[in-house]
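Peer 1: Below is one structure. I have some questions about it.
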């Protein structure tokens, strides 16, 4: 007498009978390798001749379509300790990143105001160079005290949205922004992993 065995029961029996080694593949010894990728960055440097001095100016005089005007207003707001105005000169994504970073580090607006007072309160700020990098402008500036000691020298990036220039963190890890004054034309750095997994 023939007995009828449901297909699902047969399938389950076959699955359960598969050896554990067939379900869990094993890996051999790892072979670590390096791949070098060369990326060319094209940019143009324009020196300010002479260096352009930033003076205090009322917020209403800021020209959003002029990068230098925006940087000048940003420095002026830091000098005056106006936290919200300073934040407003960054693009929206950078504002989100700044808020996230401050929350992570436990940094309060008062901490920033104290730092700005030390760096910009009575210092002389001049713009040194302007760089064109694709759709971005970069501006290098220097703040010095009355004795000529440099308090801060950095390069900031600006992006344009709807005709308004705003500072941006989009290039915070950019090779040009961080190395253009080093005198080097070739740099090496380790790439961030493309994937974060629990792979063995």
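Peer 1: Do you know which of the residues in the range 109-149 that are over 14 Å from residue 53 (Cα atoms) and within 18 Å of the chain's Cα centre (by Cα) is surrounded by the fewest Cβ atoms within 10 Å (Cβ to Cβ)?
Peer 2: 135
Peer 1: Can you list the helices (runs of 4 or more DSSP H) lying wholly within the range 92-200 that have 1 or more residues being at pLDDT below 95, in contact with a helix residue (DSSP H, G or I) (Cβ under 9 Å, 6 or more places away or on another chain) and on the phi > 0 side of the Ramachandran plot?
Peer 2: none
Peer 1: Right, here's the next one. Read through the list (1) touching a helix residue (DSSP H, G or I) at 6+ places or on another chain (Cβ under 6 Å); (2) in a helix (DSSP H, G or I); (3) surrounded by fewer than 16 Cβ atoms within 10 Å (Cβ to Cβ), then give the number of the only condition that residue 41 fails.
Peer 2: Single failed check for residue 41: (2).
Peer 1: Within the range 70-91, track down each residue that is out of contact with any helix residue (DSSP H, G or I) (no Cβ under 7 Å at 6 or more places or on another chain), touching a residue at least 12 places away in the same chain (Cβ under 8 Å) and either surrounded by fewer than 16 Cβ atoms within 10 Å (Cβ to Cβ) or closer than 22 Å to residue 172 by Cβ (or both).
Peer 2: Correct list: 70, 71, 72, 91.
Peer 1: When the residues of the range 77-91 are filtered to those that are outside any helix (DSSP H, G or I) and closer than 18 Å to residue 165 by Cα, which remaining residue is farthest from the chain's Cα centre (by Cα)?
Peer 2: Taking the range 77-91 and keeping what is outside any helix (DSSP H, G or I), we get 80-82, 89-91.
So of that shortlist, the ones also closer than 18 Å to residue 165 by Cα come out as 89-91.
Working: 89: 15, 90: 12, 91: 12 Å.
Checked the range 77-91; the qualifying residue farthest from the chain's Cα centre (by Cα) is 89.
Peer 1: A further question follows. Would you point out which residue out of 56, 51, 11 is in contact with a strand residue (DSSP E or B) (Cβ under 7 Å, 6 or more places away or on another chain), modelled with pLDDT under 95 and either on the phi < 0 side of the Ramachandran plot or not in a helix (DSSP H, G or I) (or both)?
Peer 2: 51
The values are calculated or read from the model by the stated rules, or taken from the named source; none is laboratory data. Quick caveat: nothing in here was measured; it's all calculated off a predicted structure. With ideal geometry, Cβ positions are generated from the backbone for all residues, glycine too; neighbour counts draw on all protein chains shown.
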